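Engineer: Have a look at the structure that comes next, please.
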């Protein structure tokens, strides 16, 4: 399919591009960008006036639950939700059943995603076999099979010596290590952030330092090994400070946060709302302010969702036993646009953190609109008002703390390799 996207505000930080332009797509590739472009006969035209035209959004941290946990989500429903949220590429974490620790599982995911055709799926392999923290997985094989990083996300690598070796071997293989920074001894049986709200609710708390100690350890190991590391789902002011200072020293550290960490505080747990239970937990106002400042000053490189679907039966239980995690693919864009509306970051910064930076960090050929690039494009309507309801979410699971919220901003068109895979949220 050939497309002419006319009159949108084209924003591509990889080229320093921000102007009202047309984008011509031919044969699944970006053919030309300019003013007043004319398209060959038979080309479909999209009127993009009043929208942002950006590289296809990239979410570098999702859980698709496939294989093995398809009752929560599967590759088809998960990538359909991605497309509805404006994402053309997602990176899926390895805590599936079986774990993504070998070529066969990675190949299954890539093949099924191609067959579904809603979004690119880049698997993230496990650091250790079975994510059991005992023996390093074959990182070379995982990279050859299409994995773009390794992580035991959901579990920390507790053994510091093993984490050191993981960083060294991964660096030699040219594959990124993504750290789930958590000190399990400090977490204990905690169910939410440790603070005033946890005390008031009578719930055991998880102190910020559980994340911060693990973040500091992994940053120090990366510094010692001279190897890159990426810190997942940063949620505390202390972690932001540690990463900021490490970057200033030249440590090869990057990081991400998720929309819930700059939108909600642990007050969302009141009423024992299990849709506000996640790991790391929602923090306090000072942490939210620090996350916003980290996004503004560039300490935090990426916005990722940590999309973690669960069945109703795993959330409709007592708070202490409820599963951690929320869905996020379809609410990430409006929540991130709220940062722009509030003057925390610019639209260019937002686009950079959701396209260029994750592509660069992971080394994938996406995140830009240069002529000759794959035509993965998101056309964003920043004025679209809609209400988050179970009925209008494409994800198989509905565990979102934002149900009932009126939000602004949505994908008008999600275009994958020149093909429109989503158009217009109702």
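Engineer: Scan region 32-50 and report the pairs whose first residue is assigned to a loop (DSSP other than H, G, I, E, B) and whose second residue is surrounded by 12 or more Cβ atoms within 10 Å (Cβ to Cβ) and modelled with pLDDT under 95, with Cβ atoms within less than 6 Å and a gap of 6+ or a chain change.
Structural biologist: Listed pairs, sorted by first residue: 43/2.
Results for (1) touching a strand residue (DSSP E or B) at 6+ places or on another chain (Cβ under 6 Å); (2) within 19 Å of residue 195 (Cβ to Cβ), shown as yes or no for each residue.
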{"position": "224", "(1), (2)": "no, no"}
{"position": "229", "(1), (2)": "yes, no"}
{"position": "234", "(1), (2)": "yes, yes"}
{"position": "240", "(1), (2)": "no, yes"}
{"position": "243", "(1), (2)": "yes, no"}
{"position": "253", "(1), (2)": "yes, no"}
{"position": "280", "(1), (2)": "no, yes"}
{"position": "291", "(1), (2)": "yes, yes"}
{"position": "315", "(1), (2)": "no, no"}
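Engineer: Further, regarding this structure: When region 377-426 is examined, which residues are found to be farther than 23 Å from residue 308 by Cα and surrounded by fewer than 16 Cβ atoms within 10 Å (Cβ to Cβ)?
Structural biologist: 383, 385, 419, 423, 424, 426
Engineer: Within region 295-324, count every residue that is in a loop (DSSP other than H, G, I, E, B) and either modelled with pLDDT under 95 or farther than 23 Å from residue 404 by Cβ (or both).
Structural biologist: 5
Engineer: Taking residue 137 as meeting all but one of (1) crowded, with 22+ Cβ neighbours inside 10 Å; (2) in contact with a helix residue (DSSP H, G or I) (Cβ under 9 Å, 6 or more places away or on another chain); (3) under 16 Å from residue 232 (Cβ atoms), write down the number of the exception.
Structural biologist: For residue 137, the exception is condition (3).
Engineer: Still on this model: Considering only region 325-343, state which residues are part of a loop (DSSP other than H, G, I, E, B) and buried (at least 18 other Cβ atoms within 10 Å of the Cβ).
Structural biologist: 325, 326, 327, 328, 329, 330, 331
Engineer: With (1) touching a helix residue (DSSP H, G or I) at 6+ places or on another chain (Cβ under 7 Å); (2) under 21 Å from residue 359 (Cα atoms); (3) in the same structural domain as residue 231 (by TED's automatic domain parsing) as the list, and residue 18 as the residue in question, which single condition is left unmet?
Structural biologist: (3)
Engineer: If you don't mind, another one. Scan region 196-210 residue by residue and report those that are farther than 17 Å from residue 320 by Cα and out of contact with any strand residue (DSSP E or B) (no Cβ under 9 Å at 6 or more places or on another chain).
Structural biologist: 196, 209, 210
Engineer: Of all the residues that make up region 214-253, how many are assigned to a helix (DSSP H, G or I), over 20 Å from residue 166 (Cβ atoms) and over 22 Å from the mean Cα position of the chain (by Cα)?
Structural biologist: Of the residues in region 214-253, 3 are assigned to a helix (DSSP H, G or I), over 20 Å from residue 166 (Cβ atoms) and over 22 Å from the mean Cα position of the chain (by Cα).
Engineer: Residue 268: assigned to a helix (DSSP H, G or I), touching a helix residue (DSSP H, G or I) at 6+ places or on another chain (Cβ under 6 Å), touching a residue at least 12 places away in the same chain (Cβ under 8 Å) and closer than 21 Å to residue 319 by Cβ, yes or no?
Structural biologist: Answer is yes for this residue.
Engineer: Check whether at least one residue in region 178-190 is modelled with pLDDT of 95 or more and within 26 Å of residue 365 (Cβ to Cβ), and report yes or no.
Structural biologist: Within region 178-190 (the criterion being modelled with pLDDT of 95 or more and within 26 Å of residue 365 (Cβ to Cβ)), the answer is yes, since at least one residue qualifies.
Engineer: Checking the condition touching a residue at least 12 places away in the same chain (Cβ under 8 Å) and either at negative phi or out of contact with any helix residue (DSSP H, G or I) (no Cβ under 7 Å at 6 or more places or on another chain) (or both), which residue from 248, 308 passes?
Structural biologist: The conditions single out 308.
Engineer: What number of residues within region 140-165 are surrounded by fewer than 23 Cβ atoms within 10 Å (Cβ to Cβ) and more than 30 Å from residue 415 (Cβ to Cβ)?
Structural biologist: 12
Engineer: Can you name the condition, by its number, that residue 117 falls short on among (1) closer than 20 Å to residue 94 by Cβ; (2) modelled with pLDDT under 95?
Structural biologist: Going through (1) closer than 20 Å to residue 94 by Cβ; (2) modelled with pLDDT under 95 one by one, residue 117 breaks only (1).
Engineer: Which ranges mark the strands (runs of 3 or more DSSP E) fully within region 361-426 that have 2 or more residues being free of Cβ contacts under 8 Å to residues at least 24 places away in the same chain?
Structural biologist: Where strands (runs of 3 or more DSSP E) fall fully within region 361-426 and carry at least 2 residues being free of Cβ contacts under 8 Å to residues at least 24 places away in the same chain, they are 377-387.
Engineer: Look at region 70-128 and say how many of its residues are part of a helix (DSSP H, G or I), under 22 Å from residue 334 (Cβ atoms) and touching a helix residue (DSSP H, G or I) at 6+ places or on another chain (Cβ under 8 Å).
Structural biologist: 2
The values are calculated or read from the model by the stated rules, or taken from the named source; none is laboratory data. On a predicted model such as this, the values are computed, not experimentally measured, just so you know. Cβ atoms come from the backbone with ideal geometry, glycine included; neighbour counts cover every protein chain shown.
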